[in-house]
1. Take the conditions in a helix (DSSP H, G or I) and touching a strand residue (DSSP E or B) at 6+ places or on another chain (Cβ under 8 Å) and apply them to SER233. Does it pass?
2. Checking the structure you have, find out if any residue of segment 236-243 is within 13 Å of the chain's Cα centre (by Cα), of a type in the set (D, E, K, R) and at pLDDT 95 or above.
3. For the subset of segment 125-161 comprising residues that are among the aromatic types (Phe, Trp, Tyr) and within 16 Å of the ligand (Cβ to nearest atom), which member is surrounded by the most Cβ atoms within 10 Å (Cβ to Cβ)?
4. Could you check how many residues of segment 704-740 are in a strand (DSSP E or B) and either under 29 Å from the mean Cα position of the chain (by Cα) or under 12 Å from LEU690 (Cα atoms) (or both)?
5. Working only within segment 63-102, note down all residues that are at pLDDT 90 or above, over 19 Å from ILE119 (Cβ atoms) and either within 16 Å of the ligand (Cβ to nearest atom) or buried (at least 16 other Cβ atoms within 10 Å of the Cβ) (or both).
6. Which ones in segment 289-304 are more than 10 Å from GLY329 (Cβ to Cβ) and more than 22 Å from the chain's Cα centre (by Cα)?
7. Taking segment 186-202 as the search range and keeping residues that are part of a loop (DSSP other than H, G, I, E, B) and within 16 Å of the ligand (Cβ to nearest atom), which one is surrounded by the fewest Cβ atoms within 10 Å (Cβ to Cβ)?
8. Checking ASN216 against (1) away from the ligand (no atom under 16 Å from the Cβ); (2) assigned to a helix (DSSP H, G or I): exactly one of these is not met. Which one?
Amino acid sequence: MKTIKLLVPIMCCFIALSSCQNSKANKSKTKSLSLTSVEHIEQKVDALLKQMTLEEKIGQMNQYSGFWDLTGPAPNSGNAAKKYEHLRKGYVGSMLNLRGVKNVRKIQKIAVEETRLGIPLIIGFDVIHGYETLSPIPLAESASWDLEAIKKSAEVAAEEAAAAGINWTFAPMVDISRDARWGRVMEGAGEDPYLASKIAIARVKGFQGSDLSQNNTIAACAKHFAAYGFAESGREYNTVDVGTSTLNNIVFPPFQATIEAGVRTFMNAFNELNGIPATGNTYLQRTILKDKWQFDGFVVSDWGSIEEMVAHGHAKDGKHAAQIAANAGSDMDMESYLYVNELAGLVKEGKVKEAYIDDAARRILRVKFELGLFDDPYKYCDEQREKEVIGQHAFHEASLDIAKKSIVLLKNENQLLPLKKQGQKIALIGALASDKTSSLGSWRIAAKDNTAVSVLEGMQAYTGNQLTYAKGADVSLGQTKFVDELNINTTDRSEFPQAIAVAKTADVVVMVLGEVGYQSGEARSRTDLGLPGVQQDLLEAIYKVNKNIVLVLNNGRPLVLNWHQEHLPAIVEAWQLGTQSGNAIAQVLYGDYNPSGKLPMSFPRAVGQVPIYYNYKNTGRPLIPIPNTVFWSHYQDVENTPLYPFGYGLSYTTFEYSALQAKVVSDKEVNVSVTLKNTGKFAGKEVVQLYIKDHYASVTRPVRELKGFELVSLKPNESKNITFTLSEKELGFYNNEGEFIVEPGDFSIFVGGDSNTTLQSKITL
Ligand code: BGC
């Protein structure tokens with residue numbers, strides 16, 4: 001659609017006005033509303049708002065789920081007839097879970113051609129790690145630390161989803177979490193606010209591109225605001241109580257980063273925060289997000305979260321919940337059906353200011369204009385494009401690229417890996433090794449089952465060895481979307497003997513074990529972080545006959561791997577890697593890709609350590625034991641440290657760090673340099689990580705904080721000097737009044753290949 005630029009603002013108002021008035025009669029006028037500048041959009045929004053009835057404005061604030069996929073419990077009032085009736089009246093601003101050009105066009109047509117003002121719908125969908133061609137789950141992608149590859153992955157996701165009629169994704173999830181019990185850690189970037197902020201920016205830029213009005217970019221949504229990842233005891237939807245310092249320094253930064261990146265929408269959260277549900281939280285949505293951060297996009301509730309304020313014990317009934325949410329700054333109601341039914345009455349009773357309705361509608365319309373939906377409401381509805389774009393070869397290439405980069409080598413004794421390409425007998429064992437669905441992970445509504453490359457297929461591409469496969473045992477006895485029906489196999493060991501026989505004669509045994517795809521994600525909390533079902537038994541049975549085991553893990557969260565670390569020679573963390581999973585794993589096992597991933601979350605030694613994270617506080621009685629006494633901060637039965645720390649990951653080569661220097665340039669700037677050398681036999685890539693420790697401050701600081709990283713590729717024997725500049729942003733922190741400050745004092749600067757690095761230099765600011 002060609003855009004026509006009008007130069008006279010007043011003209012633009014007029015056109016906005018007349019186009020909407022005549023929307024049924026003359027669609028081409030709607031399409032001619034094509035000015036792009038911010039002011040012009042504001043004028044168009046103003047003009048449109050002036051024409052809208054209170055009910056129509058509230059309609060913009062109402063979002064319904066489509067008619068097929070459910071990503072939350074079905075509300076009682078969610079019948080299709082009602083949705084169509086509301087659509088026709090212009091009482092629906094957005095639909096979610098509507099996908100495929102044919103379906104989207106059908107519904108968009110009602111909004112554009114049958115309603116009084118013809119305002120197009122914004123079509124949302126959970127494009128979390130791809131649409132149909134899936135990339136690794138977000139936690140896995142984060143292990144790549146590769147911002148370009150992560151951005152590319154979001155670009156691909158946006159392009160595929162946009163081709164299927166979607167123009168808004170409910171991603172990225174930027175919730176920090178320190179709790180592997182929480183199933184949604186698979187959807188975030190892990191435990192660290194610095195890394196997560198960089199990744200959040202990459203994802204937003206990937207989804208939204210540089211021009212939201214293009215037909216291959218979609219609006220992003222930073223979620224879930226805020227602190228959802230701090231659900232008590234890792235139990236989904238649970239209460240959250242976090243203090244000011246954690247909120248400002250750990251929870252908020254990735255959200256703030258998405259605003260820097262220009263994110264157009266936010267989603268609030270299911271959890272209460274310090275006694276007030278996030279959905280009805282004025283401090284979060286108005287004071288912080290809209291006032292302090294000047295966010296001018298809109299906030300959508302989470303699924304039914306407005307109504308859930310009744311169960312939380314914060315609202316008396318649905319009507320009261322709508323009042324609280326609207327006053328607190330929740331602009332759009334996802335699937336509570338409360339705004340559409342209650343808000344007009346609340347305004348008339350003076351319980352919700354009409355100015356709040358205007359503000360919410362304005363924000364929503366603004367994003368619709370920015371997306372170019374008024375220029376062409378069907379710009380995402382091109383059947384031909386849908387056919388050509390979805391599943392493109394280039395998307396599979398991008399998915400393979402990031403899948404390889406997401407793999408983390410946890411252990412590799414005696415250089416068992418990479419596997420030799422010739423003359424070996426390899427036993428491949430585990431139900432997940434031949435599975436073509438599980439590695440698609442959670443959040444894969446639009447992907448077809450059985451479309452992932454399995455590890456078996458990936459390894460079969462290497463023909464120089466003799467490869468024999470045995471399942472050994474099922475992980476689940478039937479996998480469905482809902483975890484309670486996952487039916488984990490805890491009894492059936494009938495296929496153990498066959499796997500043992502295959503393992504006995506093998507030179508190397510590759511065992512693919514872990515969680516099935518739907519064992520992490522929303523509502524999939526676990527209290528046991530071991531291998532589910534009979535898999536541990538299978539592993540130990542195989543170990544008895546052949547110790548030369550490479551354990552390949554498929555999982556959506558950190559697991560407890562003590563036995564594995566102690567006994568097995570090689571462990572590969574391969575998460576759930578999406579459509580190209582098996583190819584990526586095979587290329588790493590055979591050394592065609594030298595693993596370079598680093599953990600974005602600490603792996604505990606015991607569930608009892610959780611929440612466990614590298615940037616903890618020292619306490620008054622820190623880790624160094626006080627001799628002959630028990631009175632220091634520790635456990636009696638397990639050491640404080642994680643099994644694998646944040647930032648950890650091996651390579652087939654080795655790296656040496658030296659010549660660390662830190663120099664104070666001014667009271668708010670420090671230059672750091674270090675030399676990195678590849679001391680092994682393979683070319684490889686290292687994620688050089690810089691941490692600081694602020695030794696004393698008016699608000700205590702963590703023992704370490706990541707403040708810089710760089711991906712460095714080196715050939716054997718090659719060295720490189722790497723430099724970092726730490727500015728105010730990296731050296732400062734938020735005090736408990738929410739002010740960002742840099743305090744003078746002593747700092748340690750650490751550089752190395754993980755958060756345990758000991759190479760350090762000291763400075764005084
Ligand atoms: C999730 C959101 C998601 C929404 C729509 C909710 O259950 O918490 O993250 O975007 O459903 O599917």
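1. Working: in a helix (DSSP H, G or I): yes; touching a strand residue (DSSP E or B) at 6+ places or on another chain (Cβ under 8 Å): no.
No, not satisfied.
2. no
3. Of segment 125-161, the ones among the aromatic types (Phe, Trp, Tyr) are 125, 131, 145.
Applying the additional criterion that residues be within 16 Å of the ligand (Cβ to nearest atom) yields 125, 131.
Working: PHE125: 27, TYR131: 30.
Here the residue is TYR131.
4. 17
5. Of everything in segment 63-102, those that are at pLDDT 90 or above, over 19 Å from ILE119 (Cβ atoms) and either within 16 Å of the ligand (Cβ to nearest atom) or buried (at least 16 other Cβ atoms within 10 Å of the Cβ) (or both) turn out to be SER65, ASN97, ARG99, GLY100, VAL101.
6. LYS292, GLN294, ASP296
7. Within segment 186-202, the subset part of a loop (DSSP other than H, G, I, E, B) is 188-192.
Right, trim to within 16 Å of the ligand (Cβ to nearest atom) and you get 188-189.
Values: GLY188: 28, ALA189: 31.
Across segment 186-202, the extreme among qualifying residues is GLY188.
8. Every condition holds for ASN216 apart from (2).
The values are calculated or read from the model by the stated rules, or taken from the named source; none is laboratory data. Quick caveat: nothing in here was measured; it's all calculated off a predicted structure. For neighbour counting, all protein chains shown are included, and Cβ atoms are generated from backbone atoms with ideal geometry for every residue, glycine included.
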